[in-house]
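Enquirer: There's a structure below that I have some questions on.
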């Protein structure tokens, strides 16, 4: 028996020409990091926990303890772990897993003056596909070493491709490549599970229509809201802007611009 997502995708492909003419969101959208680099916002903090372990916080919606000893430690997200090890006097390697599957390997390195933290990483996407990325942080407090609060000032990611279709009135199909992320459901605020090997269990998203060219959405991990956001199509129908933020952190919005293909 076909899964619901497969049935809706077949319907979306069959009715695609008419649906594209009726809905400005429908179609394939792709980010271009060179033309429209992703916004670099937010801070991260490394500190020493009461138990003597390292404590990580993104100062938004995630924090957990770990040790730099080559062992796995559970994060605050279901079925997710991190492993940290030293890679030099002022460098570290980190491996992130979800459901025992490696999703990202990160190398972190401090500048000689101890004021800049650079992370370079590889995403291990489904289908044996990899993607490279990097982020640069400037120190706001703390030190020497890793401990302190760091502000992101630059971020580079490889392109994402987003496909949106409306197979039947009131139903939306959304697929993000290369992370193999699928969402199917009613655009009436109903929370539906996100299907992706790159997402932890218990992640759900709900979408609402907020205007002719605007949708709002909410992402939850279990019962906890982790992100709010909007999708907006430009007046000429060529640009889709995805804006997200953590509740209470509206001044740290993250923006991705995608062009219609």
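The values are calculated or read from the model by the stated rules, or taken from the named source; none is laboratory data. None of the values given here were measured: they were computed from a predicted structure. So basically every Cβ, Gly included, is an ideal-geometry build from the backbone, and we count neighbours across all protein chains shown.
Enquirer: I'd like to verify a number: residues in segment 29-38 that are part of a loop (DSSP other than H, G, I, E, B) and surrounded by 15 or more Cβ atoms within 10 Å (Cβ to Cβ), how many?
Expert: Matching residues across segment 29-38 total 4.
Enquirer: Are there any pairs, at least 6 apart or on different chains, whose C-beta atoms fall under 6 Å, with the first in segment 241-255 and more than 15 Å from residue 219 (Cβ to Cβ) and the second part of a strand (DSSP E or B), and if so, which?
Expert: Sorted first by the residue in segment 241-255, then by its partner, the pairs are 241/232; 241/257; 255/243.
Enquirer: For segment 74-93, give me each residue that is more than 19 Å from the chain's Cα centre (by Cα), surrounded by 14 or more Cβ atoms within 10 Å (Cβ to Cβ) and not in a strand (DSSP E or B).
Expert: 90, the sole residue that qualifies.
Enquirer: With the structure loaded, tell me whether residue 162 is at pLDDT 90 or above and under 22 Å from residue 29 (Cβ atoms) or whether it fails that test.
Expert: yes
Enquirer: Now for a separate question. For residue 229, state whether it is free of Cβ contacts under 8 Å to residues at least 24 places away in the same chain and assigned to a loop (DSSP other than H, G, I, E, B).
Expert: no
Enquirer: Tally up the residues in segment 194-210 that are more than 20 Å from residue 245 (Cα to Cα) and not in a loop (DSSP other than H, G, I, E, B), please.
Expert: Residues that pass the stated criteria total 1.
Enquirer: Right, next: Return yes or no: is residue 52 loosely packed, with under 13 Cβ neighbours inside 10 Å, modelled with pLDDT under 95 and either touching a strand residue (DSSP E or B) at 6+ places or on another chain (Cβ under 7 Å) or over 15 Å from residue 117 (Cα atoms) (or both)?
Expert: yes
Enquirer: Output the residues belonging to segment 115-135 that are within 17 Å of the chain's Cα centre (by Cα) and either assigned to a loop (DSSP other than H, G, I, E, B) or more than 30 Å from residue 197 (Cα to Cα) (or both).
Expert: Answer for segment 115-135, where residues must be within 17 Å of the chain's Cα centre (by Cα) and either assigned to a loop (DSSP other than H, G, I, E, B) or more than 30 Å from residue 197 (Cα to Cα) (or both): just 126.
Enquirer: What number goes with the only condition from (1) in contact (Cβ under 8 Å) with a residue 24 or more places away in the chain; (2) in contact with a strand residue (DSSP E or B) (Cβ under 8 Å, 6 or more places away or on another chain); (3) more than 30 Å from residue 101 (Cβ to Cβ) that residue 168 does not pass?
Expert: So the condition that residue 168 fails would be (2).
Enquirer: Additional query: Can we say residue 41 is surrounded by fewer than 16 Cβ atoms within 10 Å (Cβ to Cβ) and assigned to a loop (DSSP other than H, G, I, E, B)?
Expert: no
Enquirer: Looking at the structure I just gave you, is residue 184 closer than 25 Å to residue 103 by Cα, without any contact (Cβ under 8 Å) to a residue 60 or more places away in the chain and in a strand (DSSP E or B)?
Expert: Answer is no for this residue.
Enquirer: For segment 210-224, how many residues are without any contact (Cβ under 8 Å) to a residue 60 or more places away in the chain and either surrounded by 16 or more Cβ atoms within 10 Å (Cβ to Cβ) or outside the structural domain of residue 237 (by TED's automatic domain parsing) (or both)?
Expert: 5
Enquirer: Now, a different point. Would you pick out the residues in segment 136-172 that are surrounded by fewer than 18 Cβ atoms within 10 Å (Cβ to Cβ) and not in a strand (DSSP E or B)?
Expert: The answer is 143, 144, 145, 147, 158, 159, 168, 169, 170.
Enquirer: Failed condition for residue 255, given (1) at pLDDT 95 or above; (2) under 18 Å from residue 30 (Cβ atoms); (3) not in a loop (DSSP other than H, G, I, E, B), with all others met?
Expert: The one condition residue 255 does not meet is (1).
Enquirer: Can you pull out every residue in segment 44-73 that is within 21 Å of the chain's Cα centre (by Cα) and either in contact (Cβ under 8 Å) with a residue 40 or more places away in the chain or part of a loop (DSSP other than H, G, I, E, B) (or both)?
Expert: 44, 45, 46, 58, 59, 60, 61, 62
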